[in-house]
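None of the figures in this text is laboratory data; all of them are computed from the coordinates on show. These numbers were taken from a predicted model, which means no experiment stands behind them. When we count neighbours, we look across all protein chains shown, and the Cβ atoms used for this are built from the backbone with ideal geometry, even at glycine.
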Amino acid sequence: MATNPSSRVRMAGTTCIHYLGPQRELDAIESFTELGCLLPAHHIRIVFVGPDVPHALDGASLLRPSPRVPLCGNVACSCAATAREPVSDGTSRSRTPAASSVDEAGIGDRDAFPGWAGSQGSLRMDFHRGLYHDWIGGLAEEGAEQRAPDLVFAANAGLEAYAGWRPSLERLEAGVPLVVTDYCEEAAARAGVVLGALGLRVRSVGLNPFRQPVRDRRAGNNLPSCSNGFVLVAERAGSRRGGHASWDGCVRSS
């Protein structure tokens, strides 16, 4: 069993991530297109689920093809400067992220960019307003075929501080890594205790190399603290159900 969540991304041609409790990230959706440059041959799907997802985005989808050649001309560059979209004459045209909006990208159009399903990678983002356990439960009631995600992620979660996380954590499937970040080392350690009590095995806890570099001074304590400062990886024992997710996603209607 792989203990490093990134190993799943390297091995799989499609990767599905459930992103729980997004907040400020929803104001920077375009920043996720960088993933298309870092993993240009992969089809990545991120499902954002949380009560702060705007009503206007609830049930919507955004699809981005991975850029073939950045504006700098270096195919190995990760500047994510250009996305290319197919047009009616069979050619393609370039555009910069600054020129593309959520509406232009086809939010709500689940068939956008159908011609990019081959070796060219892509990034799809789905949005669902509500709590994770309610969303999963609703899919089960509707009879949707559920495919386990490759990864579940929650940023600055505060698992120990917010009891409302428990029902969603109980929905986590066996063999699917959970990656959680928090502001300080104590919060991450306490999150590990919470997860252990729910039957998850904590694989690692440590300083997040991708943390925000500026300290977040909090009134409640004087601990070294910053956004996404520490990262914890946990997993429920058992085999992952259903293999890797297909490009149809980690949830597909029957």
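Using the beta-carbon distance between GLU186 and ALA237 and R0 = 25 Å, what value does 1/(1 + (r/R0)^6) give for FRET efficiency, to the nearest 0.05?
0.45
Report the local net charge at ARG201: Lys and Arg +1, Asp and Glu -1, summed over other residues whose C-beta lies under 10 Å from its C-beta.
With Lys, Arg at +1 and Asp, Glu at -1, the neighbours total +1.
If a/c stays under 1.5 just call it rounded; otherwise compare a/b with b/c (prolate if a/b is bigger, oblate if not). Do that for the range 120-225, with a ≥ b ≥ c from the square roots of the Cα gyration tensor eigenvalues.
prolate
Amide H neighbours of SER61 under 5 Å, at least 5 residues apart or on other chains, H built in the peptide plane: list them.
Amide H neighbours of SER61: GLY108, ASP109.
Residue by residue through the range 222-232, which ³J(HN,Hα) values in whole Hz follow from phi under the Karplus form 6.51 cos²θ - 1.76 cosθ + 1.60 (θ = phi - 60°), with glycine and proline marked x?
10, 6, x, 8, 7, 4, 6, x, 10, 10, 10
Within the range 152-187, find all residues whose amide N lies under 17 Å from a label point positioned 7 Å from the Cα of LEU223 along Cα-to-beta-carbon.
Hits in the range 152-187 for LEU223 at 17 Å: 155-163, 180-187.
Between ASP52 and ALA174, what length in nm is gained on full extension when 0.36 nm per residue of separation is reduced by their alpha carbon distance?
Fully extending the segment from ASP52 to ALA174 adds 41.2 nm.
Would any residue of the range 153-177 have its amide N under 11 Å from a label point 7 Å out along Cα→Cβ of VAL193? List them or say none.
Under cut-off, by backbone N: 160-161.
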